[in-house]
Every structure is written in structure tokens, then in C-alpha cells.
1. Of the accessible area of the stretch 1-160, with the probe set at 1.4 angstrom, what percent is carbon plus sulfur?
2. In nm, what is the difference between 0.36 nm times the number of residues separating Glu174 and Glu108 and their Cα-Cα distance?
3. Using a 1.4 Å probe over the heavy atoms of the protein chains, calculate the carbon and sulfur portion of the accessible area of the stretch 303-447 as a whole percent.
4. Could you give me the ³J(HN,Hα) list for the stretch 770-786, computed from phi with Karplus coefficients 6.51, -1.76, 1.60 and θ = phi - 60°, whole Hz, x at Gly and Pro?
5. Please report the spacing between the Cα centers of the stretch 18-53 and the stretch 173-245 in Å, no decimals.
6. Can you give me the long-range amide H partners of Asp314? Hydrogens built in the peptide plane at 1.01 Å from N, cutoff under 5 Å, separation of 5 or more residues or another chain.
7. Tell me, what HN-Hα J-couplings in whole Hz come from the Karplus equation 6.51 cos²θ - 1.76 cosθ + 1.60 at θ = phi - 60° for each residue of the stretch 542-557, using x for Gly and Pro?
8. If the reach is capped at under 20 angstrom between alpha carbons, list the lysines near Lys334, excluding any in the same chain fewer than eight residues apart.
Amino acid sequence: MDGRSITLLEFPLVLERLAAHTSFPPSRRLADALQPSADPVIVARGLDETDQARALLSERPGVGVGGAHDIRPWIDRATRGGRLDPAHFLEVGETIEAAVRLRTALAEDRRPLLHELARDLHALPAVRSTLARSFDPSGELLDTASPRLGPLRGAVRIAFDRLRRRLDTLVGSELGSALQEPLVTLRNGRYVVPVRADAKARVKGIVHDASGSGQTLFIEPLVVVELGNAWREAQAAEEEEIARILDELSALVAAHAGPLHATLDALARFDFWSAKAQLAADMDATRAEATDRREIHLLAARHPGLTGRVVPIDVHLGDGFTALVVTGPNTGGKTVTLRTLGLLSLMHQAGLHVPAEAGSRLPILRDILADIGDEQSIAQSLSTFSGHLRSIIRIVRSAGAGTLVLLDELGAGTDPTEGSALAQALLDHFIRAGALVAATTHYAELKAYAHTTPGATNAAVEFDLETLSPTYRLTIGLPGGSQAFAIAERLGLPGEIVADARSRLSEAQRTFEATLAQIRETEGETTDALARARSTEARAAAALRAADDERRRARRERDDALAAARADAQRLLADVRGEVAALRATLARGHLSEAALDEALGRVEAGVGRLPGSNEAPVQAAHAEPRTWAVGERARSRNGGWEGRISALERGGRTATLESGGMRVRVPVDDLVDALAGAGAGATGYGPRPVGHRGASSGSTPGAIRLARAWTVPASLDLRGARVEEALEALERYLEDASLAGLAAVTIIHGLGTGALRDAVRTAAAAHPLTGQVRPGGRGEGGDGATIVSLG
């Protein structure tokens, strides 16, 4: 794109703001190098980067590249065989740690560009662990950096301690009178003592230095020379090992140069994307819709460089007209309109969000060409007109389809008649060339041109005559006036002079100004009517949205309530099943007392009562008077389907024992109904009854049937006293009910007797398709007088 126009439209200032949001030099370089593109694919990619980074940061503001450094110079040095310093390794390690944190943050993100970027962030565990083992957080090499370094440093410390102890002894006693001061100091890397020059003969040793006055000699006593040599040798060995370690670590970095470069590039890209997202948030910007049509549609657009109270403008170009002529008083915002139009187009094509409302549309332009500002140059002997004309000639050569042309004060700087004629010719040329063009002017002839020429239209920046200040609002379709006479009159210019000036206008000019005033008045009324219509439409849309929101909220609350009810039912059902299972286990062990049974049955009944739908019985049943049962009456169990004669009433009349064909079953009295009520004559419990009669059930689903059976089917069946035929028929039905109730094992009590009933029961149970293992009862289970049958 045209570099001069990019500078005139102040795009570099936007890049400065973008770069200020970056965290380290690699991403700053990406920000500085950002340029608008005319490739739709590249533009869409850049906008997607900004979108996805902005969405991520809104969800997780702390995600970033904190701790990363520009390690490219250190990677390159290591690749060339150079040795890195400990500080360089520290930066490499911190950069890898930053990459690991970012990779973890992006691991579960499903936004495609961020997910793709995470794959370029290499954890490099070998490099990471080696550097962590080798350096402390301040960059100091650790003793664990190599097997030899620790012992070598230990040897240095031992040699130094020996040297210091010997020197302290010399200073404290042996050489005290010969010393200038009782201290030990360093000269040329050797420990020395300050000896008075006149006592030199008393201290045998090597002179390493002397004071400026010559009164003090710094001597290394001969008795510590060997100790000093040992210390220096230990230091040299340590330094050699450190150099070897640094060379080895440098080679490790060089060996991973490719992944390190890829990781650094990925960190820079993410930080660059984050900077674009933060810039968009700062400007309250949105993504403009990219359109294939030659049109610009900006809603509530704001120039990024303006501060304080900024009046947004709506700009339309290309929808019905390709040339926009902006007129109005000076300082009214005409030039800002052009700059906003051009700069937001550049930002869009650089992959940045633009400071405008959602719904704005921008095309992908081939080029943006601008002539804004004063091109006057004394050095080149150029007048204002000549400077503008040179820029316009350059623009004429490049303008065409897919270009946006922005011209400030078109035709100014020369004779108004010739200037306006030249301006009209240029606008005609750009319209024919297929370019989108926006121009500012004060010429009345251009207002008439835009009013009468197909493909062109007027726009006005408004001016408040009461306050003598611009409102900065832009009105498209309406020409603006310079308001020179009105401003002069308001500022106090004598009225006769203003009247004289008006009289000097030609009749055509006066007619034209009157026409413009009439157009503005009509346009104002139309605008007011349109604003009212839009307000009404907005209120209707808001009411519709509110109704939709209320409908969705009600649906959501209903779904939540239904889900909560299901969850409660499942939890209560699990509790009931747990109680039943515990009751069976206790019964199987033979440790179930009457009080414990009553308590367990009470818990089960309470759990069933809390299940959804358990309280939905008919009103007549809910209010029916409880029946008083007597021993000898025939009754039937609603849930279990057992029928027989009541042989006993227990637990204060709450539990009845039904007896039929020698079998006895205990059921709650509340579960009993008259045996003649809908069951048919002759129906009995587990004794003879019509085929297909299984008793009432609380529901038709397997879960409901199983729940009902589990609540009433006992864990044992007593067949003592029954004939073999009756016993086998009862056994078959009992095994079916026990299996349906989910019992794991049951006990069949048949007694000892002659053994005929026992053998028949065990043979039938073993052949039954619902049973598994069949065995005699063990100790505590009834012995050979009972049979234990496993189900399933």
C-alpha cells in the first residue's frame, strides 16, 4: 500500500500504541512491522487472531508470556559454537518456563488459532531440567551442575580456610610488631600482609605491592606461599570445570536451537495477538465485517487519536454513491472525517479491531491514497497548490477499482473558479475509474456538483450558531455551509457590513444558498422522522428481546426444576434400595429383631413417600377412612399380590400375617385390600390363584415394579404343612417375585419330615431358569430343614 498515505493517516501512531502493549522485544518487533494487507485471507487471519486472543483474555485475564526474554542472540551464539554466560542460561530457562505455562493454559482451549499456536510451544524437558539442576534463581552455578563441581568447590573452601588460619596466626602473633596494620589483604590475587618498610628483613616473603609513600610493603610470607598456591590451584580447577560445564550447556542449547526458535516465535506471536486484543479493549473497538462489495459502512466511528469527549460519526460510502463531498466550517471536523475513514480502513486491513459500533462493514481495498495537510515547501519552491497537485498527480496514476481516495480541501490554493473546475474534473475521473473517493471543500460549486451528479453525494459537518462551536456531527446527504456571514454577525461585525456582503453575492449564489437552506430544512425534518421511527423500532426490538429472554428463562427454570426433581428421585430411590439391601442382609444373618424391622420399614416407607409421584394418589383414596382388619378375614396385598386369611395381627395392628395353603407372609396392614375387591374368587397369596393375577403395581416400568416388589417380598418362604403340588406352585411364583425384586438369595423353609417336600423343593429350585446355586441351609440357616437358593 501507499507508504506516504499510511504516514499521512497516522497509522504509525496506532502501531506505537500497539507496541506499548507488548511484553518483550520479539513481539514488539512484530507490532512495529505490522502493515495493512490487500489479501483477504491475510486480513481475515489477522482479525481472527485478535478475536480469539480477546476472547481468551476476557475469560482468563492472567494468561500471558510473563518471564519470557529475547533469547534469539543467545541461541545464535550457541549455534555458532560460542559459550553462553550464566545470565544467558537463566533467560533461556525462564523463557522455557513461560512457554510451559502458556502451553498449559492453551492446552484445553478449542479456539483453532490458539490451539495451533500451543503446538509450537515446546516444553523441552531435557533442557529445562538440566538448567534447573545447574543454576539457582539468581543465575549462580550450583554444585549439582556436574559430579566434579561440588568436590572441587569443597577443595577450594578447604584450601582457603587453611590459608586464612595461617595468615591470622601470623598477623596475630608472629609478625605483629612488623606490620603496619594487623590485617590481611589481596594483591594480584594473592593474600598479603602490610609490612613496615623498615621491618622488611623480619618478614621473609614475596613483595607484591607497595604503598604510594613507600612506607608499607605488601608481602606474601613464604610460610603461606605453598598454601596460597594450593588455593589458587583449587580455584583454577574449579574455573576449568565451570568453563567445561558452560560449554556443555551451550552445546545443549545449540542442539535444541530449532525448538527454541519455534517456541520463541510462538511466544512472540501470542504476545502480539494479546497486544492487539488489549488495544481493541482500550479503544472499545469491534471487528468490522469484511464485505466483498465496494462499500464502506461505519457506525459511531471514532478517530483513535482523539482524546476527551469524542463525538462518533456515521460514514457511508459506496452504497448508491462512490464520491462523498464533505463541506462545512473550518474546525468542524471535515479533515477528521477523512482521517477516520482512512485510518479505520488501514486498521481493518492490518487485522485490528476498529473503534466503531458492531455492524460496521469495510471492504478489502487494493490501496488507500490520501492527500491531507499542507504540502507547501520553501526548499523546493512549492506553493500550497503545487504541493497538493503533485500528490494528486501521484494519486491519479494509482487510483482505480478497489482504491479509496481521500482529498482534503480539493482545488484549494488557487483561483476559486479554476480550482472548483479542476476539483469537479478530478471527482469525475475518480468516479469513472471505479474508486471510492471522499473530499472536503468550501466551494459552493462542488456542493451543487455533488447534488446533481450521479454517483456523488453531499455530507455536512454541523455547526452550532448559538455557541459558535462545531458539533462534529456528520450528516450525509446534506451540504454544509461555511457560515461565514452568520459567524461574522455573531462575533459583532456591524450588520450593515454583513448585509453589504450578502448583497454582493450573485443572484445564482443567493438562489443556490436558499435552495441549500430549504434542502437542509427538509432533510432535518426527514432525519427527525427517521430518528423517531428508529427509536420506535428499537423499543419494539427491545420488547421482543425481553419477551424472548423471559421465555428462555422460564424454559430454563422448568428444565432445571425437572432435572433437580429427577436427581432427588434417583437419590431417594438409592436410599430406599440401600435400606432394603441392609434389611435383607440383616435378615439373612438371622439377627433381625422386631424393633429393628419396624424401624427399617419406617425408613423405607419414608423414603418411598418422598419419591416424586408417591403422593399423587386419587383424592378419594387419600381421604379414605383406614379399615380395621380382624383375624379370620380374607385380604390381598396390593403390591405383592399375596392373598389369604389373616391369621394374626402384630405390632399394634400395623402388620398382618396372611396364611394360604400352609404358607404365611407378613405384610403392612396399609397394603391390604378386601380379597373380593377386583381380584376374583379363589385368588390366594402364593397358593392357587388365576393365571396372570400378579397383584397391583405402582407403575408399569421395570424400576417401578422392582421397587414395589422389593418393598414387600420377604427373604424367605415357609412351606411347612403345604402339600407338594401347592408348595411347588407357590415356590415358582415366589422365585419369580424374588428375582423381580432383585433379591440375591432366598431361604425356602420346608422342614425335615419324611423328606418328600424337601426333595421336591430342591429339585424344582435347581431346575428353575431364574436360579443359580441351590444348597442345604448351613448352621444358623435352618440346617437340612431349609434350602438356600441363589438367584440370577
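1. On the way: 4470 of 7940 Å².
Of the solvent-accessible surface of the stretch 1-160, carbon and sulfur hold 56 percent.
2. 16.3 nm
3. C and S atoms contribute 52 percent here.
4. Coupling constants for the stretch 770-786: 9, 9, x, 7, 10, 9, x, x, x, 5, x, 10, x, x, 6, x, 9 Hz.
5. 62 Å
6. Here the answer is Ala300, Ala301, Leu474, since their amide H atoms fall under 5 Å of that of Asp314.
7. 5, 5, 5, 5, 5, 5, 4, 4, 5, 5, 5, 5, 5, 5, 5, 5
8. Once the sequence-local lysines are set aside, what remains near Lys334 is Lys447.
The values are calculated or read from the model by the stated rules, or taken from the named source; none is laboratory data. Please read these numbers as outputs of a predicted model, since none were measured by experiment. No Cβ is skipped: glycine too gets one built from the backbone with ideal geometry, and neighbour counts run over all protein chains shown. Only protein heavy atoms, including side chains, enter the accessible area calculation; ligands, DNA and RNA are left aside. Shrake-Rupley method; radii C 1.70, N 1.55, O 1.52, S 1.80 Å.
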